[in-house]
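No lab work stands behind these numbers, since they all come straight from the coordinates. Nothing here was measured: the structure is a model prediction, and the numbers come from that model. Because the Cβ atoms are built from the backbone with ideal geometry, glycine has one as well, and the counts that use them run over all protein chains shown.
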Amino acid sequence: MHIESLSCHYRTRNLVTAIGLSVVLLLSPGSNTQAQDAPPIPDGGDTRPRDPTPEELERMQQAEEARWRHNAEFFRPWLLSELVYEGEPVTTLAEVDEVQRKRLMQIGEDNRLKQQTSQRAAEDWTTSEGNFRALDHAPGQPFKLVGFDEGRPRYHKYLGLHEATVTKATELWPGGSLGLTLSGAGTTVGIWDAGDVLATHAELSGRIVDKDGATVLDDHATSVAGTIGSAGANTAAKGVAFQTTIHSYDSDGDTGEMPAAVANDALRLSNHSYSEPAGWQGSGSGQNWIWYGDTSINFYEDYHFGFYGPEAHGIDGIVYNAPYYLPVWAAGNETGRQAPSGGTLGNEHIDAPPGQLFFDFHNQNGGTQGYDTILPHGVAKNVLTVGAVSLPPGGYSGPSSVTLWSSSSTGPADQRIKPDLVAPGVGVTSSSANGGYITGYTGTSQAAPVVTGLLNLWIQRHTQLHGSNRPLLNSAVKGLAIHTADECGAHAGPDYKHGWGLPNAERGVGLINANVTTGTSSSYVAKPHIKEVVLVNGSTISFTVRGTSTQMMKITAAWTDPTPYPLSPALNPTTPVLVNNLDLRVTGPGGTFHPWSLNPAPGNRGDAASRNGDNDVDNVEQVQIDNPSDATYTVWLTHKGALEGGLQRVSLILSGIVPQPKELRITHIAQTGANQMTLQFPSFVGQSYKIQYIEEVTASNWTDATPEVVAVAENTAVNVAYSQTNPHRFYRVITVD
Ligand SMILES: [Ca+2]
Ligand SMILES: [Ca+2]
Ligand SMILES: [Ca+2]
Ligand SMILES: [Ca+2]
């Protein structure tokens, strides 16, 4: 719905009088539903008409301009900042989208050419060196040679499967307790995986679109597709989004294909249950173990784990330029993996000549503490990285009901919190490439598609409420999943093993349902729980919220961050990869509340998260007030340094707040330049508004005086064009859904 204000009348009799009116208006804001009007300034004693002298005209002009400046000063705190993106002025965010769309297409084309070259180099390498590396890997561990760069082969490792079930997703389905009808119908999810999904599988038939012509049928890909979207002919195999359409790709050429899928198919979500191998990889039987580290960087530990390398950088560049697209990535199954010791085993290094055996020994993946085993893609800042857990048949009933799967990859990634979430893992059967079913695999490969399917249901619900022209930002989808997750681990807040916890489908869809604009112009509430705003370089966003003593208050800020300058290979470098360092704080009874932070130092990785100060490494920040008062709090969003790009889109998720209605009307109006008027109205942060006008009060053909603007404060002032030849207009402000 949209809500309109009553119209606001602004009319000039002559210019000087109009300016006088504006000043009166500004200094005594009215309580009428119309903006203030006031008596004209008296004309003075001499009633005989005469033309002003040139000196008088000059003085009048100067006085006018002084009043415009005075008026502009009044509006300044509330005036929406001019948007500048990468040095260019922009009128609307749609223009930013367009710049990013073009860049995304260019990235896709560049990546496609780069990957072709890399694949050709890989073919030459296998021909010259023998192809045993590409083929003779550990049994049961699917690896595929996908390229050859900088003297090293590059593989994709498909991450194995784990039985999975979804906490509370069934409540979103038709017949569920929420009264919704979510099934993924009408939506599309992308899968990049080991090969072709069996499109004729009874569980998937009619909903698989082969997008890249991959021809090799694959169990792993078919099973991932099944976990997302199996119809449920076998009820044990039913997918989370059981009526979604799946665009199927093999992972070869992924970074060229993903941008095209976003640009051409408006893809919103994709699942990636693979990455490049790192550390120890091999079979339990002991003959094919390979260590993927680089001994010139560190002998004991593979620097690739948690390192922000070319894979993370490449994916983040894509996602930054695709603001409505979120890839979900499996964290990896790496913790604790190590070749059996004892000195009789032939251990090979990935960069060793064929057949040459080494007898050195490297740390088990994750060392003795089991931290820092996120594979290269999952390190990316802008994806949602998923680890694997198991749950009892009854589902979540507190942190102790969640058991981390022992090999699930863990953070930190650089110094950041990863994985982002963990997803469950017990009791699901999925589709296989022979038309039957698979049971009993183990790995984060199955946890990721559980989350992908669940997010798909949320996107479907959001589209039901707001239409497809109003997509949630990728950072809002990710932020919502993090915000509404169930608490896991030994301490409150995030940790490096479970991330922010276990997604809760019901709680997430609850915030989507409650995040609507309702009421009338005299009392309305706008989008109280999910706010998408733009932080302009040098600015601060602040607004008040009402707490309640009956519920914990939680506020999450999530943003899709630009890519940093590429890092040189190093073990656990401390150069931050965060580019735009936004800071979220809340002030109110009890003082200042800071976001969660973890300590990435090797000896402190298991410590409880702290809330003592700013978080300078993560692009998700969350303030949690455990015992709020029935009182007003202020949310502050600031930034350090200069914002790359000149602006940063941010998603704010809020819960445990009591929405306070406002009146929608224009409260102030005045001339602020020779050809400019400024209007002001009370606003909700994150809500979109438009100013419109008509020439005659009886007219009904409202014309836009402004493009859509998103409020970033509790009052918003906007400039509109003023013309002396058309000095008589009626204005209104409306909300835009
Ligand atoms: Ca492909
Ligand atoms: Ca590391
Ligand atoms: Ca926790
Ligand atoms: Ca920060």
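Details
- Mean residue ellipticity (222 nm) of the chain, computed from DSSP H runs ≥ 4 via -39,500 (n - 2.57), nearest 500: -7000 deg cm²/dmol
- Coil-residue chymotrypsin sites (Phe, Trp or Tyr not before Pro) of the stretch 203-306, DSSP, other Cβ within 10 Å capped at 14: F299, Y300
- Counted charge near T735, where neighbours are those whose Cβ lies closer than 13 Å (Asp, Glu -1; Lys, Arg +1): +2
- With both labels modelled 7 Å from their Cα along Cα-to-Cβ, the N513 to V99 distance reads 4.0 nm.
- Proximal charge balance of E4 [Cβ under 11 Å; K/R count +1, D/E count -1]: +3
- Computed FRET value (nearest 0.05) for S296 with Y565, which takes r as the C-beta separation and R₀ as 25 Å: 0.70
- Once both labels are positioned 7 Å from their Cα atoms along Cα-to-Cβ, the gap between T53 and D149 label points is 7.8 nm.
- Each Cα pair under 8 Å and six or more residues apart adds its separation to the average, and for the chain the resulting relative contact order is 17 percent.
- Helix screen, the chain: DSSP H segments with Cα axial length of 30 Å or more and mean Kyte-Doolittle hydropathy at least -0.5 are 444-466.
- The chain: antiparallel DSSP beta bridges as a percent of all, rounded to 5: 75 percent
- When you filter the GluC sites (Glu not before Pro) in the stretch 643-737 for DSSP loop state and at most 10 other Cβ atoms inside 10 Å of their Cβ, you are left with E696.
- Sparse-neighbour loop sites [chymotrypsin sites (Phe, Trp or Tyr not before Pro); the stretch 358-464; at most 10 other C-beta within 10 Å; DSSP]: F359
- Two numbers describe the Cα atoms of the stretch 445-599: Rg and Dmax, which are 17.8, 60 Å.
- In plain terms, the chain is cut at each of the trypsin sites (Lys or Arg not before Pro) found in a DSSP loop with at most 14 other Cβ atoms within 10 Å, and the longest leftover piece is 51-737.
- Solution diffusion estimate, µm²/s, Stokes-Einstein, the stretch 93-507, Kirkwood Rh from C-alpha pairs, 20 °C, viscosity 1.002 mPa s: 101 µm²/s
- Each Lys or Arg adds one and each Asp or Glu subtracts one; over the other residues with Cβ under 14 Å from the Cβ of S270, this totals -3.
- Within the straight-line cut-off of under 30 Å between alpha carbons, the lysines reachable from K168 are K238, K381, K418, K478, K497, K527, K531, K554, sequence neighbours fewer than 8 places apart in one chain being disregarded.
- Across the stretch 93-507, C-alpha contacts under 8 Å between residues 6 or more apart give a mean separation that, scaled by the residue count, equals a relative contact order of 20 percent.
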